[in-house]
Amino acid sequence: MPINVVGFKLRVVPEARPFGVFNWVPAGTPIEIIDHQIFDFRDSYEPSPHIIFDDEDIVIDGFYNPTSNRFWAWFFVSAVVEVSSSNDQWKVIAQMKRTPSGENIKLEARVRLQSGAKAFRVRVREGLFGKRETHFSRAYPVRVRRSPSILTFIAMGGSGSGGSGSSGPSGGSSSSSSSSSSSSSGSSSSSSDDGITGDATRCGGIDPGFIEDLMTPENRQCNNLCAGCMSFIEHLGLRVLREEDLASVLDALRYKDDPADPDFCTPVPNPNGISHRIVLGKWENSEHEPYRPAAIKTFDSILDEFEQDGGGTLIIVAQSHAGAKLQATITNHWRWGNGIDIALFVAWDITHLGGAISSVGSRPARVINFFQTENIWHQTGGPIDEANVETDLTGCFSHNAIARSKFVHESTYQEIRTAVAQIRTAARV
């Protein structure tokens, strides 16, 4: 944005780019800023400091009007961002980018402040040695807090408690065995081998389409989380990671042919993301799976580590038999007390060999359920007692198709981003 610098030497415009929902304007109207909308410090002269998390950016944009010859000024001007953690003690945390702009010098920097910071400012120096002049912006008060810790499990179902059929390259359907079929006719997509079927004539107002990226030959039956193909859980996880920088790392649990193999596939980091870890896994990554392959890491052990690191908030997205395993974890086998709370449980047609899962207990603050009732018994979901929102997709999508639905993925993504915003808003109070 152009800034007129006539009448002063230094004009600084710092802006905070956090995530969440904040009561920022004087009237107290909530402003949703999860899309990197901006908090502007320019009109904020109240004595109370702004609360910023240590994973949020401060973007500083300003102009300096030099005293020396405009042509040479750029060579004799330096600008830095300083931060104070105590009275009158300042240290440099970033050099500012300098760009000639007419008669002025444009100054830019992006910084993340660490816990303990109480104020920041810009310092500009012009000249050499004894003829140097120094100018400061005003100090902008802040309170920097540690960002809330968020952990998300996105879990794929499998062929049941009979082995690791969903894990290796030779595995069957990523949802269940290939005997699944849809009872509908005239389906818009159909395969007798994988049970991925949909019927647009029975979808009502719901988008009947699949995510095209998941329906290619190499991705349709992508069951190895370390392979180069795109599984449906990876598709969702990468979107959360990258689209709005809503996470800082994505890990995928590895199926181990050798106990000495690493626990995870190659991590996918996002240095611009907020403090939110996404872990992809399967039904067999559960302590409660009797046929769990030897030495593979479990969701339960990750929760142990999460609690040891201080705990935080858990989000669960689970499909088919993985939903049954994680339901058992958060009900009958919960051992983490109040150190971990569950903000969201999204169920994608969760079921097991005993049939549909009808309850996920009282721990999740919000439950979203997508289900259908026309597949064979161990591939048929149903209503969940605690569900806040339920969508019956019977006839529209088969069991294996729900996880590849555009509608289901988009709805799930919106639920995750809303949950993340609410977690961070609550932590800022």
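Of the cross-linked pairs LYS97/LYS118; LYS256/LYS282; LYS256/LYS297; LYS106/LYS131; LYS282/LYS325, which ones have a Cα-Cα span greater than 18 Å in the structure shown? Could the numbers behind the result be given before it?
Working: LYS97/LYS118 24 Å; LYS256/LYS282 13 Å; LYS256/LYS297 9 Å; LYS106/LYS131 22 Å; LYS282/LYS325 9 Å.
In this structure, LYS97/LYS118; LYS106/LYS131 exceed 18 Å between Cα atoms.
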| said: Sort THR412, THR394 by heavy-atom solvent-accessible area, probe 1.4 angstrom, most to least. | reply: THR394, THR412
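Please give the net charge around CYS203, taking every other residue with its beta carbon less than 15 angstrom from that of CYS203, where Lys and Arg add +1 and Asp and Glu add -1. Don't skip to the answer; put the middle values down first.
On the way: positive: ARG202, ARG404, LYS406; negative: ASP199, ASP207, GLU374, ASP392, GLU410.
Spelling it out: positives minus negatives among the neighbours equals -2.
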| query | With each label point set 7 Å from Cα along the Cα-Cβ vector, what nm distance links VAL13 and TYR291? | reply | 6.3
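So, counting K/R as plus one and D/E as minus one, what does the shell of residues with Cβ under 13 Å around ARG254 add up to? If you can, show how the numbers build up before the last one.
Numbers: positive: LYS256, LYS282, LYS297; negative: ASP251, ASP257, ASP258, ASP261, ASP263, GLU284.
With Lys, Arg at +1 and Asp, Glu at -1, the net is -3.
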| Normalised by the number of residues in segment 279-420, what is the relative contact order in percent for Cα pairs under 8 Å and 6+ residues apart? | 18
| Environment charge at PHE345 (Cβ cut-off 11 Å; Lys +1, Arg +1, Asp -1, Glu -1) | 0
| remark: With every protein chain kept in place and a 1.4 Å probe, the residues TYR291, TYR255, TYR140 fall, from largest accessible area down, as TYR291, TYR255, TYR140
| query | Which value, in Å² rounded to 10, gives the accessible area of SER358 with a 1.4 Å probe and all protein chains present? | reply | 60
| For segment 107-121, in order, what is each residue's ³J(HN,Hα) by Karplus, 6.51 cos²θ - 1.76 cosθ + 1.60 with θ = phi - 60°, in whole Hz (x at glycine and Pro)? | 10, 9, 7, 10, 9, 10, 8, 8, 3, x, 5, 10, 6, 9, 7
| said: On a 1.4 Å probe surface of the protein chains, which of GLU243, GLU56, GLU390 comes out largest in accessible area, and what is the full order? | reply: GLU243, GLU390, GLU56
| message | If you take every DSSP beta bridge fully contained in segment 281-382, what fraction is antiparallel? Give it as a percent rounded to 5. | response | 15
| segment 96-116 residues near the modelled SER85 label - backbone nitrogen below 13 Å, point 7 Å along Cα→Cβ | 113-116
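The values are calculated or read from the model by the stated rules, or taken from the named source; none is laboratory data. What you are looking at is a predicted structure, and each value in this text was computed from that prediction instead of being measured. Don't worry about glycine lacking a Cβ; one is built from the backbone with ideal geometry, like all the others, and counts go over all protein chains shown. To get the accessible areas, we keep the full protein, side chains included, count just its heavy atoms, and leave off ligands, DNA and RNA. Shrake-Rupley method; radii C 1.70, N 1.55, O 1.52, S 1.80 Å.
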